[in-house]
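> Before anything else, here's the structure in question.
The values are calculated or read from the model by the stated rules, or taken from the named source; none is laboratory data. All of these numbers come straight from a predicted model, not from anything done at the bench. When we count neighbours, we look across all protein chains shown, and the Cβ atoms used for this are built from the backbone with ideal geometry, even at glycine.
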Amino acid sequence: MIKAVVFNLDGTLLDQHSTVEQFLSGHLVRMGIPEALKSAYMDLFYQWNQAGDPPHAQLFEILQQKFLPQRDAEVLREDFARYAWQTPVLYPGTYTTLLELRSMGLKLGLITNGTHFSQRAKIAFSRLAEYIDVILISEKEQLRKPDPEIFQRALKRLGVEARQCAFVGDDPLEDITGAAQVGMKTAWVHHGRLWEISEVQPDWMLGSVPELIRVLSRRQPLKI
């Protein structure tokens, strides 16, 4: 019987691409990027950053040299640090799904790889902390998924056994393989992708997080 559900953050609950896109809409204005250059600026940002955390070390120097030679690259870096995660975009149905899971009596957890500053900011500004019982951030834990220890810590803090817990994530290696190796049930949010790892198979394949409600309430396997 499932007693707890643990989620990944970026790419599962939080739409990282849309969040960065939201940041860029304000960033371009604050930096004074001309309208004619905005598209090229955004393309280069995505090319180098790939919604990474933290951004690629050279990203801001490259943007500064190409688009803002009159500014210091540190200004761009500081703008990202200050504003990037203030307007997080969650996938549709995230809040209602979390509320429904809580109404089912399930404990909720979150394990996320990333810096403590950025991940805490995303969680705070999205108000996810109001719904989640246990939060583990890799930098603070000094462990990263798929290390089994970080999953075991989540289980211990939630007070459940691995077989009583489902992990929901979008990354086949960090999320699904990592959780499966400690015995957790796994739900892969595929975003239209095909599963390509033969050694491990997720217990459930979800097109979106809200589909988890049907899986847990009816025990129906979902396939792509």
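> Among the helices (runs of 4 or more DSSP H) confined wholly to segment 133-224, which include 1 or more residues that are out of contact with any Leu (no Cβ under 6 Å at 6 or more places or on another chain) and more than 28 Å from HIS116 (Cβ to Cβ)?
Working: elements: 138-141, 148-158, 211-218.
In segment 133-224, the matching helices (runs of 4 or more DSSP H) lie at 211-218.
> Just to be sure before I move on: is ILE213 of a type outside the set (Ser, Thr, Tyr) and either free of Cβ contacts under 8 Å to residues at least 60 places away in the same chain or in contact with a Lys or Arg (Cβ under 8 Å, 6 or more places away or on another chain) (or both) in the structure I sent? Can you show your working first?
Numbers: of a type outside the set (Ser, Thr, Tyr): yes; either free of Cβ contacts under 8 Å to residues at least 60 places away in the same chain or in contact with a Lys or Arg (Cβ under 8 Å, 6 or more places away or on another chain) (or both): no.
Spelling it out, it is not the case that ILE213 is of a type outside the set (Ser, Thr, Tyr) and either free of Cβ contacts under 8 Å to residues at least 60 places away in the same chain or in contact with a Lys or Arg (Cβ under 8 Å, 6 or more places away or on another chain) (or both).
> Something else now. Going through ALA36, ALA57 one at a time, which residue ends up being without any contact (Cβ under 8 Å) to a residue 12 or more places away in the chain and either closer than 30 Å to THR177 by Cα or in the same structural domain as PHE167 (by TED's automatic domain parsing) (or both)? Steps first, please.
Values: ALA36 fails: either closer than 30 Å to THR177 by Cα or in the same structural domain as PHE167 (by TED's automatic domain parsing) (or both).
It is ALA57.
> Specify which of the listed residues (ASP43, ASP10) is in contact with a strand residue (DSSP E or B) (Cβ under 9 Å, 6 or more places away or on another chain) and not aromatic (Phe, Trp, Tyr).
Numbers: ASP43 fails: in contact with a strand residue (DSSP E or B) (Cβ under 9 Å, 6 or more places away or on another chain).
The match here is ASP10.
> A follow-up question, please. Hey, among the residues in segment 166-199 that are in contact with a helix residue (DSSP H, G or I) (Cβ under 9 Å, 6 or more places away or on another chain) and of a type in the set (S, T, N, Q), which one's surrounded by the most Cβ atoms within 10 Å (Cβ to Cβ)?
Of everything passing the filter in segment 166-199, THR186 is surrounded by the most Cβ atoms within 10 Å (Cβ to Cβ).
> State whether one or more residues within segment 65-83 are under 29 Å from ALA124 (Cβ atoms) and of a type in the set (Phe, Trp, Tyr).
yes
> Another question about this same structure. Just the residues that are in a loop (DSSP other than H, G, I, E, B) and among the aliphatic types (A, V, I, L, M), please, taken from segment 112-132. Lay out the reasoning, then the answer.
Of segment 112-132, the ones in a loop (DSSP other than H, G, I, E, B) are 113-115, 127, 131-132.
Result: ILE132, single match.
> Of all residues in segment 123-145, count the ones that are over 14 Å from the mean Cα position of the chain (by Cα) and farther than 18 Å from LEU90 by Cα.
Looking only at that region, the number is 7.
> List the residue pairs whose Cβ atoms are under 9 Å apart, where the first residue sits in segment 117-143 and is more than 15 Å from PHE7 (Cβ to Cβ), the second is of a type in the set (Phe, Trp, Tyr) and surrounded by fewer than 18 Cβ atoms within 10 Å (Cβ to Cβ), and the two are 6 or more positions apart or on different chains.
These pairs meet every condition: GLU139/PHE117.
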